[in-house]
Amino acid sequence: MATDFSVDLVNFSEWYDKNNLVRQLKVLYHDLISVADIDKANTTIDLLNALRKTGRLSPGNLKLLYETIKVTQTFGAIKVFQQSFFEVQEIQIINFTPYRHWIADFGNELRKAAVQKVDALYNNPLKKYEDSWSMIIDLEQRQILCEERKEEFINTLNNIGLASTLKCLTQEEISRSSSGDTRMQTEEERIEEYLLLIQKNNCRQAGKFTPETMNERCTVDVSQMFTDMELLKERENNTGSNSTTLEKVANAIQSTPGCRALIEGEGGIGKTTILRYLSYNWSGQSIKVFEGKIVFLLSVRDLDKDDNIFDLIVKQLDLNDFSRHTKLPRKSELIENFLIKHDDKIVLLLDGLDELRFNNQSIIRLFIRKENFKKSTVILTSRAENIDKFIKECNVHVRVKGFSKNSIGEYIEKYFEHFEKPELGESLRYELDIDTYRAGKKHPEAYAMCKNPMLLLTICMLWEDNQNLPSNNTDLFKQLFLSILNQFNKIENGQKITKFEDIPTEYVNSMILLGKCMYDNLKVNKLSMTKQDLTDKHSNTNIVDLALKLGFVYEEAPLSKSYCERIFMPPHKLIVESLVGFYLSKLFESENIKDECSDVRQLLIPLGDDELDEIKSKYFKVARQFALGFLDAATVGKYLKRCLTKHFPLRMRSRIWKFFFGIKITYRERLIANILDINPHRDVGVRIYNVPGDVFNIFLTECSLEQVQLALVHLNIYDSKLHNIDVNSMSSFLIMCPKLRSLAMMDCNLSGEVINYLTEECSNRGIIFLK
């Protein structure tokens, strides 16, 4: 049975179709739905269905339709509604920008003769537009008519004799301003109306984005792709946590006046997406969230050294536009005073505490209510490092754990439906055994990565390209690098790269340059860069230009119009950390290569002792993981030797080892991280696998030479190729491990001589030996 909502949409659509107004609605909804949906729409109902997909139109929320009637002045459409009658003339316009409102007036005002004049001005041969709306659609697609060029467009039309039409339009704008929504409005009401209008538009735009790692491949709608994640809400007084949902978290935040909420999780786990989703729902009103509030979605990394939160907000605004819309002076103080006075109406969504630069204290002061916005709702996201102060002050503390099995399957389905390849989604679900009790058994490493939304996105991309699953994070990012480079090659008509080792030298050089620049930036937790940053590190303009084109960074709009230098950003911090790891791996490899080409020699200067200490900072934790993953076994062994140099006392060597290799991705990280995790307060037990004999031999030799004592109590080595390990090596190992109580070496290809030696020697030492 049809609902009132369905009846309303059908009647609305039939009225506009009957009056031949579909093209007018395409112009009006230009900012609200995708260009693809607009192009495909043949009837009004097609446009309305597209609006429903975005969440801007839903049962009980027909405000957008009433605004449509008011802006287009098609008041005859009011009679078609069965559900209710609304005083359309009195409603406040919040879904359409002032510029879009002007476009609607412009299209209504143009007569056939004026359209023909504009056609002759811009087209040879003539396009012979059917009406003013066809003309506007064409001019907007060609960027001849857009908000930024509005004044230029008006001046051009004045020159071809359309001054009277434009004068009429100007009078309508003034009339609307004086007798419409701003009539009798106070200064504060005008400011609030403007902030609502701009922020709803900003948050809507934030909901349509290119996901991290996709290299401008497409734009997705967060409302279509968002998938629930596993969330744990910490109980008060750190007494544990309970599983929860985003809806429950949002309700808890909204029910707490002046709430301080902390959302923590690892990189790529979905923290930013949660904020985008909340702000998007607020802007579209499809889900009731933060009603009656003004929401600001802000990036913490945009805070400069002496900035506060108000400075960050103003960077999002255009004061000239503010003045035009409100008829108030172009003064940021007016906005600041409003925000301070009405701080209870403000919601601040602050993304990326871990990306804070310059040791700026404004975030912590905001969170502990020692700055303005004491009554505002503040939601802050961060990785888990250095957040103890924030945990103590927050009212709501949530940890994002990523996707559950069901969510993994749901996301895969949404991804491949979005790209119209559902059969690939089904095959990936089958390969991962998502729909069975054996989920993840066949590909445990890949399945573990699927819990991270960003990594799952990358896995979906790779499956789409070659139906292949990576075995660990390093292999995943190697494939991601290939995917990014092949997207660039596709644009440049280049040859597809199938192996990581076959990446062309010129690409490798530019990636090293990016990694070097990001390495220096990461020391101060800075992610952005300029072309000059790259040029300062390398004089070859070809390498610099290619580095900016490959797809690892994108050009970002400047924070203010006064800032002229072009800014480039990576799509995600993990891209920075992986490229820094790539640079470090090339740096370590180059230390033993004398004939390094001149293009990269100036970038691969060996690290000094001070630089080694620098890499020990918290900012390089993930980058170190990637560096080791990119290295081959022989280079890892040589790097071990570097860490054992006599320039460091034994105690410092152990610390360096533990710091550099405190990682758990592949055999070489496990080998060193765990084996040197010396802690006198607990038994040290280690399980490692896939250990090649050459790495193990080098490790044992270097430790023996330096008389290192290990705190191992239990060691389990399995599935390893240790056929070249001899009795002397194992003898040295047992001497290094005075606390060893159990040793398991199963499926390690040990020689009979070594097995006999270990059986006897372990028995003599009271060590349990399993083979």
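The values are calculated or read from the model by the stated rules, or taken from the named source; none is laboratory data. Small disclaimer: the values here were computed from a predicted structure and weren't measured. Counting neighbours? That spans all protein chains shown, and the Cβs are built from the backbone with ideal geometry, glycine included. Surface areas here come from the heavy atoms of the whole protein model, side chains and all, with no ligands, DNA or RNA. Shrake-Rupley method; radii C 1.70, N 1.55, O 1.52, S 1.80 Å.
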Exercise. How much length, in nm to one decimal, is gained on full extension between GLU501 and ASP465, taken as 0.36 nm per residue of separation minus their Cα-Cα distance?
Worked result: 11.1 nm
Exercise. Which residues does a label at GLU187 reach in segment 320-342, if reach means a backbone N under 15 Å from a point 7 Å past the Cα toward the Cβ?
Worked result: 323, 326-342
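Under the 0.36 nm per residue contour assumption, what length would be gained going from the current alpha-carbon distance of ARG235 and ALA384 to full extension? Don't skip to the answer; put the middle values down first.
Working: separation 149, 0.36 × 149 = 53.64 nm, distance 1.71 nm.
That works out to 51.9 nm of additional length.
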Seminar exercise, completed: segment 507-531 and segment 455-489 have their Cα centres apart by a whole-number Å value of 22
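Too long at a 31 Å Cα-Cα cut-off: which of LYS271/LYS315; LYS70/LYS293; LYS345/LYS523; LYS271/LYS375; LYS70/LYS327? Before the final figure, lay out the partial values.
Details: LYS271/LYS315 23 Å; LYS70/LYS293 24 Å; LYS345/LYS523 38 Å; LYS271/LYS375 24 Å; LYS70/LYS327 22 Å.
Going by Cα-Cα distance, LYS345/LYS523 fall outside the 31 Å limit.
Determine the shape class of segment 305-347: with a ≥ b ≥ c the square roots of the Cα gyration tensor eigenvalues, call it rounded for a/c under 1.5, and otherwise prolate if a/b is greater than b/c, oblate otherwise. Write out the running numbers ahead of the final one.
Details: a/c = 2.11, a/b = 1.29, b/c = 1.64.
Since a/c reaches 1.5 but b/c is at least a/b, the shape of segment 305-347 is classed as oblate.
Using Stokes-Einstein with the Kirkwood hydrodynamic radius over Cα pairs, what translational diffusion coefficient do you get for segment 457-517 at 4 °C and a viscosity of 1.567 mPa s, in µm²/s rounded to a whole number? Let's see the in-between values first.
Details: Rh = 12.3 Å.
Answer, rounded: 106 µm²/s.
Percent of accessible area on segment 30-143 owned by carbon and sulfur, 1.4 Å probe?
Numbers: 2640 of 5170 Å².
Its accessible area is 51 percent carbon and sulfur atoms.
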Exercise. Calculated FRET efficiency, GLU147 and LYS331, Cβ-Cβ r, R0 22 Å, to nearest 0.05?
Worked result: 0.45
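Cβ neighbours within 10 Å, averaged per peptide: list 358-370, 474-486 in order, most packed at the top. Let's see the in-between values first.
Numbers: 358-370: 15.5, 474-486: 21.6.
With the highest mean Cβ count within 10 Å placed first, the list reads 474-486, 358-370.
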Exercise. When the chain is fully extended, how far beyond the present Cα-Cα distance does LYS414 get from ILE605, taking 0.36 nm per residue of separation?
Worked result: 64.2 nm
Exercise. How much FRET efficiency would the formula 1/(1 + (r/R0)^6) give for SER763 and ASP726, where r is the Cβ-Cβ distance and R0 is 25 Å, rounded to 0.05?
Worked result: 0.80
For this session: Would you mind checking which residues have amide H under 5 Å from LEU262's amide H? H placed 1.01 Å from N; only 5 or more apart, or other chain.
Result: LEU380, VAL396, HIS397, VAL398
Exercise. In segment 510-531, which residues have a backbone nitrogen under 19 Å from the label point lying 7 Å from ILE567's Cα in the Cα-to-Cβ direction?
Worked result: 517-531
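Evaluate E = 1/(1 + (r/R0)^6) for ASN155 and ASP719, where r is the Cβ-Cβ distance and R0 equals 60 Å; express this FRET efficiency to the nearest 0.05.
On the way: r = 74 Å, r/R0 = 1.24.
Given R0 = 60 Å and the Cβ-Cβ separation, E is 0.20.
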